[in-house]
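Reading through the structure tokens given below for one structure.
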Amino acid sequence: MNIILFGPPAAGKGTQAKRLVSQRGMVQLSTGDMLRAARSSGSALGQKVAGIMDRGDLVSDEIVIALIEEALPAAEAAGGAIFDGFPRTIAQAEALDDMLKGRGARIDVVLRLKVDDSALIERIAKRFAEEGRSDDNPESFKVRLAAYNAQTAPLLPHYLAQGKLVELDGMSSVEQVAADIDAALGAVVA
Ligand code: AMP
């Protein structure tokens, strides 16, 4: 099964993806984590994307599509992928559909975590204080939220039209969201 965890930054996608990995043996494909790993390794790719990420802008479709393409075979072999933070643009969504189709696979469900902007801003301020992630500062977060609204939210009709969109209340507790995700996945399998 291939799942997309969809939502704005700080909606709880990473937290829920990690739980699904430990409980279901699926593989989390987080382009944000992959890009951060490239930065820490000091690779050419990492150096290229550092400034873009710190500003809060999206890196190019070409870069993230290539990262996903490389990681897909292992994820499928493990029983499926949880896409976290990808796709973020229409071009990425179309490329993902094509990549999966070429492998005889598809996205089974898109789980959208809905969270109010004011709650996101509070969560990010807390994460910035605790973890000091460079793009969690208030200015960059504003840009990230704007990028979500302008470039990522327009994917919702794409997945709605495919009949794959499930809306979940991301304002609930971590445990409640986890239970809602399990119920949604149970309905997909059945
Ligand atoms: P995230 O951890 O998912 O919030 O991603 C952190 C940053 O990495 C984003 O603000 C973007 O600069 C970059 N990034 C991650 N995933 C993507 C993507 N699918 N498309 C473009 N940029 C991305």
Q. Is segment 119-128 home to any residue that is part of a helix (DSSP H, G or I), out of contact with any Gly (no Cβ under 9 Å at 6 or more places or on another chain), farther than 29 Å from GLY51 by Cβ and not hydroxyl-bearing (Ser, Thr, Tyr)?
A. no
Q) Name the pairs: first residue in segment 154-181 and touching a residue at least 24 places away in the same chain (Cβ under 8 Å) and surrounded by 14 or more Cβ atoms within 10 Å (Cβ to Cβ), second residue of a type in the set (Ser, Thr, Tyr) and assigned to a helix (DSSP H, G or I), Cβ to Cβ under 8 Å, at least 6 apart or on different chains? A) LEU165/TYR159
Q: Report whether or not ASP61 is in contact with a helix residue (DSSP H, G or I) (Cβ under 6 Å, 6 or more places away or on another chain) and of a type outside the set (A, V, I, L, M, F, W, C).
A: yes
Q) For segment 130-144, which residues satisfy the criterion of being under 16 Å from ALA119 (Cα atoms) and either without any contact (Cβ under 8 Å) to a residue 12 or more places away in the chain or surrounded by 19 or more Cβ atoms within 10 Å (Cβ to Cβ) (or both)? A) ASP136, ASN137, PHE141, ARG144
Q. Just checking, which of SER30, SER60 is within 24 Å of LEU100 (Cβ to Cβ), among the hydroxyl-bearing types (Ser, Thr, Tyr) and in contact with an Asp or Glu (Cβ under 6 Å, 6 or more places away or on another chain)?
A. SER30
(Q) For segment 23-60, which positions are modelled with pLDDT under 95, surrounded by 15 or more Cβ atoms within 10 Å (Cβ to Cβ) and not hydrophobic (A, V, I, L, M, F, W, C)? (A) ARG24
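Here's the yes/no breakdown for (1) crowded, with 20+ Cβ neighbours inside 10 Å; (2) at negative phi; (3) of a type outside the set (Ser, Thr, Tyr):
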{"residue": "VAL21", "(1), (2), (3)": "no, yes, yes"}
{"residue": "ALA75", "(1), (2), (3)": "no, yes, yes"}
{"residue": "GLY80", "(1), (2), (3)": "no, no, yes"}
{"residue": "ALA95", "(1), (2), (3)": "yes, yes, yes"}
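The values are calculated or read from the model by the stated rules, or taken from the named source; none is laboratory data. Computed from a predicted structure; not experimentally measured. Counting neighbours? That spans all protein chains shown, and the Cβs are built from the backbone with ideal geometry, glycine included.
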